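Have a look at the structure below, then the notes.
All of the numbers you see were taken from the coordinates with simple rules; none came from a lab. Keep in mind the model is a prediction, meaning the values are calculated, not measured. We place every Cβ from the backbone using ideal geometry, glycine too, and count neighbours over all the protein chains shown.
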Amino acid sequence: MTSADNQPQEIPPLPPPPPDYASRLPPVAEADELVSVGPDYMGREALLTPGAAAGWAAMRDAASAEGIELILVSSFRSVARQTEILSAKLAKGMSLEAALEYSAYPGFSEHHSGNAIDIGTSGARHLEEEFEFTPAFAWLAGRAGGFGFSMTFPRNNRFAIAYEPWHWCFR
């Protein structure tokens, strides 16, 4: 973060997670072995564990062969980056409890594992529920399991995370 005069701004420390948080969502360690899977939709280098990378490549290619476009929106995310994301939500006035419905507390995001990906497709805004109504989502719902991926946050999930039809994790 920078201020108007482009001087680095210190990110205030996050408040602690709610006392029951670890019982809702398990802690996740940062991956220690990551490989590049090419750029994400913004041109950033995307990283996954070797297994997830192989699964993603095979799944993306199989979908493409069937005329389905899968776009990599997000992949590995460090604890530090997760802290920035959550801090930005709080800085915009969101309460911690509300922010935790959409972003895991640092140290609890599946993205830290290097096995989680957020997927998009043309014709739908990224990271929005409308993804559920795309051919890409229908394809994933029927076929992702065969490549080792499952959707972690269906409607009314046990983790108290908002429905995320775009978030898939390699198991």
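Annotation: for a label point projected 7 angstrom from Cα along Cα→Cβ of Ala160, residues of the range 12-28 with backbone N closer than 13 Å are 17-26. Averaged over residues, the count of other Cβ atoms within 10 Å places the peptides 53-64, 12-23 in the sequence 53-64, 12-23, highest first. When both the range 22-97 and the range 102-171 are represented by their alpha-carbon centers, they are found 10 Å apart.
In debye to the nearest 20, how big a dipole does the chain give about its Cα centre with +1 on each Lys and Arg Cβ and -1 on each Asp and Glu Cβ?
Using only the charged Cβ atoms, the result is roughly 260 debye.
Ranked from largest, the principal axis spans of the Cα set of the chain equal 47, 37, 33 Å. With θ taken as phi - 60° and the Karplus curve 6.51 cos²θ - 1.76 cosθ + 1.60 applied, the whole-hertz 3J(HN,Hα) list for the range 86-100 is 5, 4, 5, 5, 5, 5, 7, x, 6, 6, 4, 4, 5, 5, 6 Hz, x standing for glycine and proline. Farthest towards the positive end of the charge dipole of the chain, among the residues Gly43, Phe133, Ala31, is the Cα of Phe133, using unit charges on the Cβ of Lys, Arg, Asp and Glu.
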